[in-house]
Amino acid sequence: MSFKTNRRQIRVGRVVGTGAFTLLFVGASLPSSVSAAPKASNQAQIALSIGESGENAYDDALAGKWNSLSRVAKRIALSTATLPAQWRPLRDQYHVSSRVSELQAAARSHNKWKAAEAANQVTLFAARLEEPTKPLIPTAITLLDVYGRELQIAVGQNDSGAARKTLGTLDSTWNQVRPRVVGARGTVAAKRFDGALRYAHVARFGSALAKASVSILDEVDVLEKVFTH
């Protein structure tokens, strides 16, 4: 839920005279000692919108909310088709148009895992689009969310090879971002994620690994809080 968490950020203000940064959430007032920073860039706003829609589409697919999924898929189709020219090469690199078509087709045929897979790929694109804007939650944390869902999909599709590959990707992504989590006073959260990942590696393919994938996603939520609290 990284994009939904980032959506709650309204601005970052610099505390005068300290160089520290203060995160303000919806409903928070701006202290007199804090000067407001510029609003998030257009690129960040578009990435957040697409990413949040991708996450909503994933949730709808797993819940079998086909009418809602169809509506979300239409929003994704419109927002990705009308991207500014400078971001279209990245869109094409991630085959977003094909993914949106797959999402719409899966919504019509009520194919849960195909819809979930397409939605997750849209979220992956949004994470890469957001990355240069230096989001509040590090992109690698968002990618852990994406790969946790990818593991869930692999188990749902009974694809043990894809599950093993995704576990390797989770390992490398976590190794990249773990020092940053610890450096942000997230040692406890890091150890919790270590445990979730270890459990996934030893879990038997099937229901045990499905449970492990849910645990990974839950622990990503904990990692996000390291950067939002």
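The values are calculated or read from the model by the stated rules, or taken from the named source; none is laboratory data. Everything numeric in this text was worked out from a predicted model, so none of it was measured. Note that each Cβ is placed from the backbone with ideal geometry, even for glycine, and that neighbours are counted across all protein chains shown.
Counting only helices (runs of 4 or more DSSP H) that sit wholly inside region 5-120, those with at least 3 residues that are over 30 Å from Lys225 (Cβ atoms) and at pLDDT 95 or above are 66-81, 88-93, 96-109.
For every residue, the table says whether it meets (1) buried (at least 21 other Cβ atoms within 10 Å of the Cβ); (2) within 18 Å of the chain's Cα centre (by Cα); (3) farther than 16 Å from Met1 by Cα.
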position: Leu136; (1), (2), (3): no, yes, no
position: Val155; (1), (2), (3): yes, no, yes
position: Asn175; (1), (2), (3): no, yes, yes
position: Gly183; (1), (2), (3): no, no, yes
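If you take the residues in region 73-113 that are within 20 Å of the chain's Cα centre (by Cα) and in contact (Cβ under 8 Å) with a residue 40 or more places away in the chain, which one is farthest from Ala127 (Cα to Cα)? Selected residue: Lys112.
Checking the structure you have, find out if any residue of region 122-136 is of a type outside the set (A, V, I, L, M, F, W, C), part of a helix (DSSP H, G or I), without any contact (Cβ under 8 Å) to a residue 12 or more places away in the chain and in the same structural domain as Val222 (by TED's automatic domain parsing). Please lay out each step first, then the result.
Narrowing region 122-136 to residues of a type outside the set (A, V, I, L, M, F, W, C): 123, 128, 130-135.
The next check asks that each one be part of a helix (DSSP H, G or I); those that pass are 123, 128, 130-133.
From what's left, without any contact (Cβ under 8 Å) to a residue 12 or more places away in the chain: 131.
Then drop every residue that is not in the same structural domain as Val222 (by TED's automatic domain parsing), which leaves none.
No, because not a single residue in region 122-136 is of a type outside the set (A, V, I, L, M, F, W, C), part of a helix (DSSP H, G or I), without any contact (Cβ under 8 Å) to a residue 12 or more places away in the chain and in the same structural domain as Val222 (by TED's automatic domain parsing).
Within region 159-180, residues that are not assigned by TED's automatic domain parsing to the domain that holds Leu143 have Cβ atoms under 8 Å from residues that are loosely packed, with under 15 Cβ neighbours inside 10 Å and in a helix (DSSP H, G or I) in no pair, counting only partners at least 6 apart in sequence or on another chain. Close Cβ contacts (under 8 Å, 6 or more residues apart or on different chains) running from residues in region 205-226 that are assigned to a helix (DSSP H, G or I) to residues that are among the charged types (D, E, K, R) comprise Ser213/Arg149; Leu217/Asp145; Leu217/Arg149; Glu219/Arg192; Val220/Asp145; Val222/Arg192; Val226/Arg185.
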